[in-house]
1. Identify, by number, the condition in (1) out of contact with any Leu (no Cβ under 7 Å at 6 or more places or on another chain); (2) among the polar types (S, T, N, Q); (3) surrounded by 15 or more Cβ atoms within 10 Å (Cβ to Cβ); (4) under 19 Å from A135 (Cβ atoms) that Q177 doesn't meet.
2. Please enumerate the residues belonging to the range 152-206 that are small (G, A, S) and either in a helix (DSSP H, G or I) or assigned by TED's automatic domain parsing to the domain that holds K100 (or both).
3. Among the residues of the range 203-210, is any more than 30 Å from R111 (Cα to Cα), touching a residue at least 12 places away in the same chain (Cβ under 8 Å) and not β-branched (V, I, T)?
4. Would it be correct to say that V63 is in a helix (DSSP H, G or I) and either over 17 Å from I116 (Cα atoms) or over 20 Å from the mean Cα position of the chain (by Cα) (or both)?
5. One residue is enough: does the range 17-39 have a residue meeting the conditions more than 19 Å from N118 (Cα to Cα), touching a helix residue (DSSP H, G or I) at 6+ places or on another chain (Cβ under 9 Å), surrounded by fewer than 17 Cβ atoms within 10 Å (Cβ to Cβ) and among the hydrophobic types (A, V, I, L, M, F, W, C)?
6. Does the range 120-131 contain any residue that is under 25 Å from S210 (Cα atoms) and at pLDDT 80 or above?
7. Being more than 28 Å from L136 (Cα to Cα), assigned by TED's automatic domain parsing to the domain that holds M120 and surrounded by 16 or more Cβ atoms within 10 Å (Cβ to Cβ) is the requirement here; does E42 meet it?
Amino acid sequence: MKTILFVDDDLFVTTLYRTKLAGEGYRVETANGGEQALSMLETLRPDTIILDLNMPGLSGVDVLKKIRAISELKDVPVIIFSNGHMQKLLDEVCPLGVQKFFTKSQCPPNRLLSEIKNTMESLELSAAGIPLPTALEAAANSIQPGSGPEVPPIGAHPEVQRKALARLYRKVQTDMQEALAGETGSRRELLGRAVKGLFEDLYEHPEHISATSVETLTRGIGNLNKAETAPFRPVLDSEAALKGMLQAFEE
């Protein structure tokens, strides 16, 4: 049985989700503060942690820092479930590795339960040695088509940029898959591979997102269906190579 640790100083929240998650077949442990959570983690090894950031005493940020310092817990999935107006806190926890961010006022129980289930299923597949989709593909598959902005805003919070990238990726996913399924070494297959590589780089490293990289990405997407299927020699393994190829399209 998979174990979840739910950390929140609101007793109503922890009681509500303990009941709901137990009904889904999970073992649920709750902590109503950061100090209690760390005390429990001296012996408890949960499969997933749900963490509130805004707590009196030891904040969720401090808890997460200490969790990542424990070798047995450094890779455990952590889902942030907290109040709004926490930009500074989000900036602090982003480098520490989190699965998802949810704002309490905008996240009905069923949505959080769905994300927890997805996380648990991913853990089971990983333990069975079954390859998982990339983080970008997983994010894209969880987004409703046509929702939100489709170009990553320059200078926005990394998670906002990632969501925009995932929406854009979902929109062009079919064209990309068709390009990648083409003849190996063809102009279209190489372009598809280069565009996908740039998507993944920007998703993993949103600090690389700039006006230039966004322009390169959108130009690459626009040319996916124009590319020839005949064999093409150059290997596009960088953004610079992709730019050179796009220039050839537009001359």
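1. (3)
2. Within the range 152-206, the subset small (G, A, S) is 155-156, 164, 166, 179, 181-182, 185-186, 192, 194, 197.
Selection gives A164, A166, A179, G192, A194, G197.
3. Residues of the range 203-210 that are more than 30 Å from R111 (Cα to Cα), as a first pass: 208, 210.
Next cut, touching a residue at least 12 places away in the same chain (Cβ under 8 Å) only: 210.
Cutting the leftovers down to not β-branched (V, I, T) gives us 210.
Yes, some residue in the range 203-210 is more than 30 Å from R111 (Cα to Cα), touching a residue at least 12 places away in the same chain (Cβ under 8 Å) and not β-branched (V, I, T).
4. Yes, satisfied.
5. No.
6. The answer is no; no qualifying residue exists.
7. Working: more than 28 Å from L136 (Cα to Cα): yes; assigned by TED's automatic domain parsing to the domain that holds M120: yes; surrounded by 16 or more Cβ atoms within 10 Å (Cβ to Cβ): no.
Criteria not met by E42.
The values are calculated or read from the model by the stated rules, or taken from the named source; none is laboratory data. Computed from a predicted model, the values in this text were never measured in an experiment. Ideal geometry is used to build each Cβ from the backbone, glycine not excepted, and the neighbour counts take in all protein chains shown.
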